[in-house]
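Every read-out reported here was derived from the displayed coordinates using simple, explicitly stated rules and does not represent laboratory data. Everything numeric in this text was worked out from a predicted model, so none of it was measured. All Cβ positions, glycine included, derive from the backbone under ideal geometry; neighbour counts span all protein chains shown.
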Amino acid sequence: MPLRFFNTYSRQIENFEPRDATGRKVDIYTCGPTVYSRAHIGNFRAYVFEDLLQRHLELRGYKVHRVMNITDVDDKTIRSARESGIPLTESTAQFKEAFFEDIETLRIKPADEFPAATNQRYIDKMIEMIAILISRGLAYQAEDKSVYFRINKFPGYGKLAHFDLTQLQSTGRVKHDEYDKEHIGDFALWKAWDEEDGDVGWESPWGRGRPGWHIECSAMATALLGDEIDIHCGGVDNIFPHHEAEIAQTEGVTGKKFVRFWLHCAHLLVDGQKMSKSLGNFYTLPNLLEKGYTGREIRYALMRVHYRAPLNFTWDGMNEARESLGRIDDWLVRLRETADEEKKLVGTAQRATPTSEFEEALDDDLNISAALGFLFESIRETNRAIDRNELDAAAANAWLEWWQRANSVLTIEEEAGPPPPEVAELAEARTQARLAKDFPKSDELRDKLNALGWEARDTKDGQKITRRAGA
RNA sequence: GGCGGGGUAGCCAAGUGGUAAGGUCGCGGUCUGCAAAACCGCUAUUCGCGGGUUCGAUUCCCGCCCCCGCCUCCA
């Protein structure tokens with residue numbers, strides 16, 4: 001079965017084929033963070049989705065080249081720096097650093113490139129593109145000195161969002177200093193400098209100013225990936241105006257179809273409402289880490305619901321993620337033990353060898369729920385086989401190899417380390433107490449281990465200790 | 001008002017024109033000194049509501065209701 005993705009542009013699931021004739025190279029552009037404050041986990045839902053996409057393409061043998069931009073100049077970054085009383089570059093640097101910390105915590109594969117909007121190379125590219133748009137009548141400089149895109153001159157404008165331009169309705173969020181535009185929908189390509197910008201600004205043929213938000217992405221995407229790209233991702237809130245504007249600007253300059261596949265992920269909700277900075281209902285990664293949740297637990301919680309369905313963030317959901325991961329951890333331990341043992345089997349497991357259901361589910365527009373369903377079914381069946389002494393070392397190894405492939409996409413395996421000395425000592429003392437049948441002492445030691453975040457289990461092969469998830 | 005996404009068990013969630021995967025929680029059992037883990041069993045006559053098509057619809061069609069988002073800051 002070919003890979004299939006839901007393309008926002010056509011509103012249909014389409015078979016995925018990259019432009020590359022050999023079918024192996026895939027270019028992806030993903031809208032990255034605006035570094036004006038720490039990103040919240042709603043932002044990271046999008047980045048986790050993009051990570052899942054990239055990793056699955058790679059599992060399927062594609063060579064992915066991914067670019068994620070960093071927006072380090074706009075109204076919010078400038079305001080944030082002003083409020084902190086520090087230069088813009090210093091302000092954005094700290095949030096960039098936090099962002100890279102956070103994606104590492106979530107095990108998100110870094111993009112191949114993280115271009116920043118303020119890089120002179122891209123500023124030059126933006127200016128070049130704006131000049132072309134003006135020369136073609138697609139843009140104009142207004143009375144306020146800013147340059148705007150003339151949406152009425154671009155026939156396809158509105159096609160991605162399926163908006164009828166005459167129906168555009170102001171939500172009252174329009175900045176009132178933009179009254180010089182010809183059409184309410186015209187958007188800024190170049191924002192003329194004003195006092196609030198302080199020393200932030202670049203010289204241009206239209207005077208000192210700074211780039212509009214949308215043109216950044218057009219410039220960086222075409223500079224690094226060319227005029228046409230395979231996949232462009234973001235959150236659904238980017239469809240309009242951001243991605244609509246990107247199409248208009250880019251195609252207005254190149255005359256080529258900018259993006260083949262537009263993929264957008266739904267929002268993370270809190271109490272049924274979109275998680276956002278403005279509503280104040282957000283959590284950052286450090287907020288959750290402080291509560292004892294680990295990066296992989298958060299990753300799992302953000303990933304386990306299909307990317308196009310809204311996902312409600314709850315503590316129940318976090319705990320479910322923790323428990324589910326614990327189940328996987330314990331299963332892997334059992335598989336490894338089985339792989340190391342020579343056993344006399346009493347039968348043959350029904351599911352002695354893995355199938356390709358997992359990756360085929362992901363082929364189908366990243367159907368993560370079906371993929372995880374197969375994983376957990378497999379866990380139950382192989383556990384049952386081990387219980388019944390029906391799974392041999394070869395079968396266990398086959399499942400471990402299968403897991404490696406699955407985990408190359410999921411990236412949720414626990415990073416197990418040896419227990420610290422005090423834990424090892426308590427465990428040894430407990431083993432001795434049990435040999436002496438001193439159960440009150442044994443139970444006391446078990447409680448102590450629990451308090452340290454370790455769990456003692458008595459099996460027929462003696463005591464086993466495992467780290468309790470999240471502790 | 002326009003355009004999207006969603007509505008399946010306590011919670012999360014997959015899915016198909018033929019009578020509902022999986023996770024989590026809860027209950028009972030096997031195992032255990034007791035636990036834990038694992039396994040076994042139980043937990044939706046039912047898929048937002050009302051019509052229609054069909055031998056048969058959760059799945060297709062029509063109408064409606066509810067939730068969320070976008071409509072120029074937003075992942």
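I'd like the FRET efficiency for residue A:236 and residue A:451, computed as 1/(1 + (r/R0)^6) with the beta carbon distance as r and R0 of 41 Å, rounded to 0.05.
Numbers: r = 44 Å, r/R0 = 1.08.
The value I calculate is 0.40.
Could you let me know the centre-to-centre spacing of the range A:78-129 and the range A:280-354, using Cα atoms, in angstrom?
Answer, in whole Å: 32.
All other residues with a Cβ under 13 Å from the Cβ of residue A:381 taken together, and with Lys, Arg as +1 and Asp, Glu as -1, what is their net charge? Working shown, then result.
On the way: positive: A:334, A:351, A:380, A:384, A:388; negative: A:357, A:377, A:387, A:390.
After counting each charged neighbour, the total is +1.
Only four residue types carry charge here, +1 at the Cβ of Lys and Arg and -1 at the Cβ of Asp and Glu. Report the dipole size of chain A about the Cα centre in Debye, rounded to the nearest 20.
On the way: 62 positive and 79 negative charges, 151 e Å.
Magnitude of the dipole: close to 720 debye.
Can you order the peptides A:145-156, A:345-356 by their average number of other Cβ atoms within 10 Å per residue, highest first?
Details: A:145-156: 19.9, A:345-356: 13.2.
Packing order, densest peptide first, comes out as A:145-156, A:345-356.
Which value in Å is the Kirkwood Rh of chain A over different Cα pairs?
Working: mean 1/r = 0.0398 Å⁻¹.
Kirkwood radius, chain A: 25.1 Å.
For helix A:213-225, what angle does its Cα long axis make with the longest principal axis of chain A, in degrees from 0 to 90 and rounded to 10?
70 degrees
Grab the beta carbon distance between residue A:320 and residue A:17, set R0 = 41 Å, and tell me the FRET efficiency rounded to 0.05.
Working: r = 37 Å, r/R0 = 0.89.
In this case the efficiency is close to 0.65.
Can you pick out the pairs among A:153/A:191; A:343/A:437; A:63/A:109; A:257/A:277; A:441/A:464 whose Cα atoms lie more than 22 Å from each other? Before the final figure, lay out the partial values.
On the way: A:153/A:191 20 Å; A:343/A:437 30 Å; A:63/A:109 14 Å; A:257/A:277 34 Å; A:441/A:464 17 Å.
Listed pairs above 22 Å: A:343/A:437; A:257/A:277.
If r is the Cβ-Cβ distance from residue A:360 to residue A:90 and R0 is 60 Å, what FRET efficiency results, to the nearest 0.05?
Calculated value: 0.75.
On a 0 to 90 degree scale, rounded to 10, what angle separates helix A:315-340 from the longest Cα axis of chain A?
50 degrees
Whose amide H sits under 5 Å from the amide H of residue A:66, counting only residues 5 or more places off or on another chain, with H placed in the peptide plane?
Residues meeting the amide H criterion: A:28, A:112, A:113.
Put +1 on the Cβ of every Lys and Arg and -1 on every Asp and Glu Cβ in the range A:421-467; which of A:426, A:466, A:449 then has its Cα farthest towards the positive end of the dipole?
Sorting the options by dipole projection puts first A:466.
As I understand it, the value is the acute angle between the Cα axis of helix A:120-135 and the longest principal axis of the Cα atoms of chain A; what does it come to in degrees, rounded to 10?
Result, in degrees: 50.
May I ask you to sort A:162, A:242, A:56 by Cβ crowding, counting other Cβ atoms within 10 Å and putting the fewest first? Display every interim value, and only then the final one.
Working: A:162 12, A:242 18, A:56 21.
Arranged by neighbour count, lowest to highest, A:162, A:242, A:56 become A:162, A:242, A:56.
Positive end of the dipole of chain A, charges at C-beta (+1 Lys, Arg; -1 Asp, Glu), about the Cα centre: which of A:226, A:80, A:394 has its Cα farthest in that direction?
Projecting each Cα onto the dipole axis, the largest value belongs to A:394.
Check residue A:281: other-chain or 5+ apart residues with amide H under 5 Å from its amide H, H built from backbone geometry?
For residue A:281, the qualifying residues are A:276.
Provide the gained length on full extension for the span residue A:276 to residue A:436, in nm with one decimal, where the gain is 0.36 nm per separating residue minus the Cα-Cα distance.
On the way: separation 160, 0.36 × 160 = 57.60 nm, distance 5.80 nm.
Full-extension gain reported as 51.8 nm.
Assuming 0.36 nm per residue, please report the length gained on full extension of the stretch residue A:101 to residue A:336 beyond their Cα-Cα distance. Can you show the working numbers first?
Numbers: separation 235, 0.36 × 235 = 84.60 nm, distance 3.18 nm.
Once the chain is fully extended between residue A:101 and residue A:336, it gains 81.4 nm.
For residue A:383 and residue A:443, compute 0.36 nm times the residue count separating them, minus their Cα-Cα distance, and round to one decimal in nm. Mind showing how you got there, number by number?
Details: separation 60, 0.36 × 60 = 21.60 nm, distance 2.75 nm.
Between residue A:383 and residue A:443, full extension yields an extra 18.9 nm.
Please arrange A:275, A:318 by counting, for each residue, the other beta carbons lying within 10 Å of its beta carbon, fewest first. The partial results should precede the final answer.
Working: A:275 22, A:318 19.
If I rank by nearby Cβ atoms, fewest first, I get A:318, A:275.
Using the per-residue mean of other Cβ atoms lying within 10 Å as a proxy for protection, in what order, highest first, do the peptides A:408-414, A:337-343 fall? List each step's numbers first, then the result.
On the way: A:408-414: 18.9, A:337-343: 13.4.
In decreasing order of mean packing, A:408-414, A:337-343 become A:408-414, A:337-343.
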